[in-house]
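**Q** Here you go, one structure.
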Amino acid sequence: MALAEDSVLLREGLVALLQRFGHSVVVTAGDAEQLLRGVEDSDPDLVISDVRMPPAFSDEGLRAAIALRRLRPGLPVLVLSQYVQQTYAAELFGSDAEGLGYLLKDRVGRIAEFTDAVARVAAGGTVVDPEVVRQMLDRRRNPLHRLTTREREVLALMAEGRSNTEITRRLTITDAAVAKHIGNVFLKLDLPPTEEGHRRVLAVLAFLREP
């Protein structure tokens, strides 16, 4: 995988953590340009990048991640951010959320959650930090206002990349109840009756795009 982080201390810590869990870090970069060159030379199977990087510390890492996805459609990318930025998340996911993740850096300290997110994104899943989910839900209007409290909880867990089984465990409800709530989410968000995995991604995108 490729890792881009301007803080040397955090970068080296992440490399050690990822290697500890069996990942091979073939590219390390301190800025977006290094990341772009490294990915071009090494063809990694996953990119992890900070949003804000030198020289301006605005959104260089995010821009690099988006550019890499254009050059290599389907390349798994996990973006790390210091703060919740709805515009960053919405821009990153665009029209395709598969193999993409957006996490707050605080999540890195929760090793099990971080490594789980890395595995999910690498496998083509979609992961959105729970705090990002919470703040977005707090701001939502149409069409998400149509969802019940439980349906919002289910959608939030879907945005985190959780399977039906995991949602069942988290909410302590039955498999049938989870399936019913997900069906209601699809219905209320006016999602077409297509393959369920794709509809899950569409539901997450609807969640992210809502102003």
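The values are calculated or read from the model by the stated rules, or taken from the named source; none is laboratory data. This one's a predicted model, so the numbers in the text were calculated from it and none came from an experiment. Surface areas here come from the heavy atoms of the whole protein model, side chains and all, with no ligands, DNA or RNA. Shrake-Rupley method; radii C 1.70, N 1.55, O 1.52, S 1.80 Å.
**Q** For the stretch 1-156, with all protein chains present and a 1.4 Å probe, just round the carbon and sulfur fraction of the accessible area to a whole percent.
**A** 50
**Q** Which of (1) 49, 41, 30; (2) 46, 32, 28; (3) 38, 33, 32 is the computed Cα extents along the principal axes in Å for the structure on display?
**A** (2)
**Q** With contacts defined as alpha carbon pairs under 8 Å and 6 or more residues apart, what's the relative contact order of the chain in percent?
**A** 15
**Q** Choose one answer from Leu100, Leu17, Leu157: the residue with the largest mean-square fluctuation in a GNM of the chain with alpha-carbon springs under 10 Å.
**A** Leu17
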